[in-house]
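Trainee: A single structure is presented below for examination.
The values are calculated or read from the model by the stated rules, or taken from the named source; none is laboratory data. Just so it is clear, the structure is predicted and the values come from calculations on it, not from any experiment. Neighbour counts run over all protein chains shown; Cβ positions are idealised from the backbone, glycine included.
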């Protein structure tokens, strides 16, 4: 299912939690929603899942609009809210049955589907407990199970892996990747490596606006711009910096703090200094003991865009 | 319709899971039983095979306390724990949520009332009872309860605090239960008539005498629909926040 978000705005008084954002998510795409706290991630997800109506703008799932056919949209969405609220006094199986019935599933398929979800989310050992007796990780699994029980075409997961241990995180990521092949998935997270590992595309949102949209590699490239190298050259000091700067491709040279004979070399746009630095060392008979390209990490991209 | 039933079933089961149902039924039966059989002008004092004291006094006042206590958590708790977000993003409308909760509470009250059938059986052994009057009385209690439940659910939609919801519900119900009646005594003419029409007691009395008047039914149904509609509006409020 194609999710189309058009000029979506949510204002609380004069403050705009989400400010005129537009994007599209295609079937089979797993999109990660990144942003600092209070950037508007959850608000956007709440509007897509028809919990809140936007002040302005529209969200469409294929032809269905949240304004005109919320029921049709809700049927097709599996939503895991931020703090994973659940009926704590209900036993897991009963709760899953309730969710399945309320989503309008056929009675004959419900039992089988509950069984599948218990299997898929690893709830087998705990399945007869009440939700209130579960640990946080298991509750999160119940949250995921209830979101997926009616086999929705769209999954909206607000921080799906909070509270899970590393093994579970890896399992859930695998699961999301698997689901993402046929379904449309939008998930939010604070953990950048997670988004990088699971998502085909990343949306970074800050102060209610989308500030970046692309795959993790394109985002890194865009942020990087110029090549950055760390080199260690053993020679008499002072001269090195001067000579490096004379190279045609080099833009700036900074000695690295606390590390003797280390330099950070930034190249001019669209040029590489690797070879010329090496050639220079050969010519001057310096020892080049290290040369590393610095890759911009997603963390840096994130910090740059949201600070 | 099936969605309403699903919500009703869950809500009803949660009354029993959380022990509210047991506490409330014991409280209701204890209080109404005490007032009917032991307190003051009880059945034995009257010396007639008549359950008037149950319908006019014991059940009338027990339900007044019982119902807001049953409905106080219906929406307040969902708002507080955030489960309302989960519920309203499922394929149900706010109206179905409200009506589902209403039916669950009504079911519990009806069970409470069914538990008082032994009173009827006991009294019918003691002498000739007015069967029509008693059936009318039970109908009256069901309509009265339904009206109060809908008010109670509205009160519960106003806050995320159950105690506040209880007190608010009790306060609003008190107007219909007593205050409008007292006011109707102190005014004459049209104003007095309006207050008399608003008083639950006047409508309840005529139904429990076995007189089915369309005006009484319209009154009860209006109160029920009004309470439920306002509760639904409060639920949908998240949508019209500017």
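Trainee: Do you know which residues across the stretch A:100-132 are more than 28 Å from residue B:93 (Cα to Cα) and either in contact with a helix residue (DSSP H, G or I) (Cβ under 8 Å, 6 or more places away or on another chain) or in contact (Cβ under 8 Å) with a residue 24 or more places away in the chain (or both)?
Mentor: Result: A:120, A:121, A:122, A:123, A:124, A:126, A:127, A:128, A:129.
Trainee: A follow-up question, please. Which ranges mark the helices (runs of 4 or more DSSP H) fully within the stretch A:165-264 that have 3 or more residues being modelled with pLDDT of 80 or more and over 25 Å from residue A:83 (Cβ atoms)?
Mentor: A:239-246
Trainee: Further question on the same structure: Give A:47, A:52 a once-over and let me know the one that is closer than 17 Å to residue A:203 by Cα and not in a strand (DSSP E or B).
Mentor: A:47
Trainee: Could you check, for the stretch A:22-41, whether at least one of its residues is in the same structural domain as residue A:110 (by TED's automatic domain parsing), over 21 Å from residue A:202 (Cβ atoms), in contact with a strand residue (DSSP E or B) (Cβ under 7 Å, 6 or more places away or on another chain) and in a strand (DSSP E or B)?
Mentor: Scanning the stretch A:22-41 turns up no residue that is in the same structural domain as residue A:110 (by TED's automatic domain parsing), over 21 Å from residue A:202 (Cβ atoms), in contact with a strand residue (DSSP E or B) (Cβ under 7 Å, 6 or more places away or on another chain) and in a strand (DSSP E or B).
Trainee: Of everything in the stretch A:283-300, what is surrounded by fewer than 15 Cβ atoms within 10 Å (Cβ to Cβ), in contact with a strand residue (DSSP E or B) (Cβ under 8 Å, 6 or more places away or on another chain) and farther than 30 Å from residue A:190 by Cβ? Give them in sequence order.
Mentor: Within the stretch A:283-300, A:287, A:289, A:290 meet the criteria.
Trainee: State all residues of the stretch A:77-111 that are over 22 Å from residue A:134 (Cα atoms), in a loop (DSSP other than H, G, I, E, B) and more than 7 Å from chain B (Cβ to nearest Cβ); if no residue qualifies, say none.
Mentor: Of everything in the stretch A:77-111, those that are over 22 Å from residue A:134 (Cα atoms), in a loop (DSSP other than H, G, I, E, B) and more than 7 Å from chain B (Cβ to nearest Cβ) turn out to be A:105, A:106.
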